[in-house]
Ligand code: ADP
Ligand code: MG
């Protein structure tokens with residue numbers, strides 16, 4: 001049977017926005033010495049807005065660029081896709097027929113439009129294909145740039161930005177005060193990751209991590225003797241949530257993340273990670 005103090009604290013935890021799926025891991029929360037956060041949708045709002053469109057080919061204008069990109073992104077659920085489709089609507093444009101859609105894991109999307117291969121991809125993907133990554137693009141806060149390719153030719157850059165959640169600043173400050181190390185894990189590019197990490201004063205970050213490598217980064221931290229919590233919202237965070245000593249899902253995130261996690265932050269507030277650790281510590285004191 002479950003000890004009474006644990007039963008009580010599970011109910012109390014629920015009142016504080018923590019949904020406990022795994023009681024053992026909840027009790028283990030007091031041992032957490034390292035918290036890894038996913039970036040998009042966890043430390044940030046995960047709501048991208050298009051800030052600029054930069055053209056590299058005079059055969060295309062901004063309307064055509066957004067129409068091609070959005071028609072492709074219409075098949076994707078990534079927050080970047082949502083941002084580009086928002087821009088299409090804002091410009092009063094409509095999508096055009098796309099076929100053969102494929103997601104390139106952690107790197108972008110591709111498909112066929114009017115018999116041409118169209119891609120919207122990351123700077124990392126350009127490097128891989130030996131396409132020079134344009135420098136001196138405008139910078140707006142936490143910016144993520146993607147690139148439109150037509151038949152493997154660079155046509156335009158689309159600059160998007162996302163915002164760090166206010167709660168993230170508070171969460172990181174409080175964790176530091178409690179002597180807990182904070183890390184970020186993201187598929188986004190090095191520059192953006194560095195910027196967010198500096199802004200939040202994190203202890204470290206892993207950038208340009210492909211979805212199936214996220215769990216390896218958790219293993220790396222564990223191999224150094226750390227007791228690691230992972231906090232994430234996405235489908236691609238699920239393996240890392242499973243690998244972590246304590247897996248924490250953001251409530252507004254994907255069902256798969258929630259089903260994999262030990263604890264769900266019902267209010268989607270990263271600061272509740274601190275509440276969880278404090279709870280774990282208090283519960284333990286009561287038991288001994
Ligand atoms: P994360 O969830 O950590 O941002 P992802 O693996 O989902 O990481 O994405 C990593 C990168 O791959 C993005 O920053 C972006 O450059 C590119 N990418 C992923 N999905 C898309 C998409 N639908 N459209 C354009 N780029 C994408
Ligand atoms: Mg995310």
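So how do 165, 174 line up by other beta-carbon neighbours within 10 Å, fewest first? All intermediate terms of the calculation are to be shown ahead of the outcome.
Working: 165 19, 174 16.
Least to most surrounded, the residues fall as 174, 165.
Using r as the Cβ-Cβ distance of residue 22 and residue 91, and R0 as 51 Å, what FRET efficiency do you calculate, to the nearest 0.05?
On the way: r = 47 Å, r/R0 = 0.91.
Computed FRET efficiency for residue 22 and residue 91: 0.65.
Decide, for region 227-288, between rounded, prolate and oblate: order the square roots of the alpha carbon gyration tensor eigenvalues as a ≥ b ≥ c, take rounded if a/c falls under 1.5, and otherwise choose prolate if a/b is larger than b/c, else oblate.
Prolate, since a/c reaches 1.5 and a/b exceeds b/c.
Between helix 62-73 and the chain, what is the angle of the helix's C-alpha long axis to the longest principal axis, kept within 0 to 90° and rounded to the nearest 10?
Roughly 50 degrees, rounded to the nearest 10.
What percent does the relative contact order of the chain come to when contacts are Cα pairs within less than 8 Å and at least six residues apart? The partial results should precede the final answer.
Working: 587 pairs, mean separation 72.5, N = 288.
The value is 25 percent.
For helix 166-177, report the angle its Cα long axis makes with the longest principal axis of the Cα atoms of the chain; keep it between 0 and 90° and round to the nearest 10°.
Tilt relative to the chain: about 40 degrees.
Checking the a/c ratio against 1.5 first, then a/b against b/c, what shape does the Cα gyration tensor give for region 49-162?
rounded
Determine, for 140, 45, the number of other Cβ atoms within 10 Å of each Cβ, and report the residues in order from fewest to most. Can you show the working numbers first?
On the way: 140 12, 45 17.
Ordered by Cβ neighbours within 10 Å, fewest first: 140, 45.
First measure r as the distance between the Cβ atoms of residue 220 and residue 56, then evaluate 1/(1 + (r/R0)^6) with R0 = 41 Å and state the FRET efficiency to the nearest 0.05.
Working: r = 38 Å, r/R0 = 0.92.
That pair, residue 220 with residue 56, gives E of 0.60.
Indicate, rounded to the nearest 5 percent, the antiparallel portion of the DSSP beta bridges found entirely in the chain.
Details: 33 of 52 bridges.
Around 65 percent of the beta bridges assigned by DSSP in the chain are antiparallel ones.
Evaluate the distance, in nm, between pseudo-label points positioned 7 Å from the Cα of residue 198 and of residue 128 along their respective Cα→Cβ axes.
2.7 nm
Between residue 173 and residue 256, with labels modelled 7 Å along Cα→Cβ, what's the label distance in nm to one decimal, could you check?
3.6 nm
Simple spin-label model, 7 Å along Cα-to-Cβ: residue 267 to residue 63 in nm?
4.7 nm
In which sequence would 181, 89, 173 go, from the one with the fewest C-beta neighbours within 10 Å to the one with the most?
Values: 181 17, 89 11, 173 14.
Neighbour counts put them in this order, fewest first: 89, 173, 181.
Quick one: Debye curve from the C-alpha atoms of the chain, no solvent, what's log10 I(q)/I(0) at q = 0.06, 0.12, 0.15 Å⁻¹?
Values returned for q = 0.06, 0.12, 0.15 Å⁻¹ are -0.22, -0.76, -1.06.
State whether region 150-239 is rounded, prolate or oblate according to the following rule on the C-alpha gyration tensor (a ≥ b ≥ c being the square roots of its eigenvalues): a/c under 1.5 gives rounded; otherwise a/b larger than b/c gives prolate, and the remaining case gives oblate. Walk me through the numbers on the way to the answer.
On the way: a/c = 2.44, a/b = 1.48, b/c = 1.65.
It is oblate, given that a/c is not under 1.5 and a/b is not larger than b/c.
How tilted is helix 4-15 with respect to the longest principal axis of the chain? Cα atoms for both, answer in degrees (0 to 90, nearest 10).
For helix 4-15, the angle is close to 30 degrees.
Between residue 213 and residue 191, what FRET efficiency follows from the Cβ-Cβ distance if R0 is 22 Å, with the result rounded to 0.05?
Working: r = 19 Å, r/R0 = 0.87.
For residue 213 and residue 191, the calculated efficiency is 0.70.
Values in this text are rule-based calculations from the coordinates and carry no lab data. Not measured: the values here are computed from a predicted model. So basically every Cβ, Gly included, is an ideal-geometry build from the backbone, and we count neighbours across all protein chains shown.
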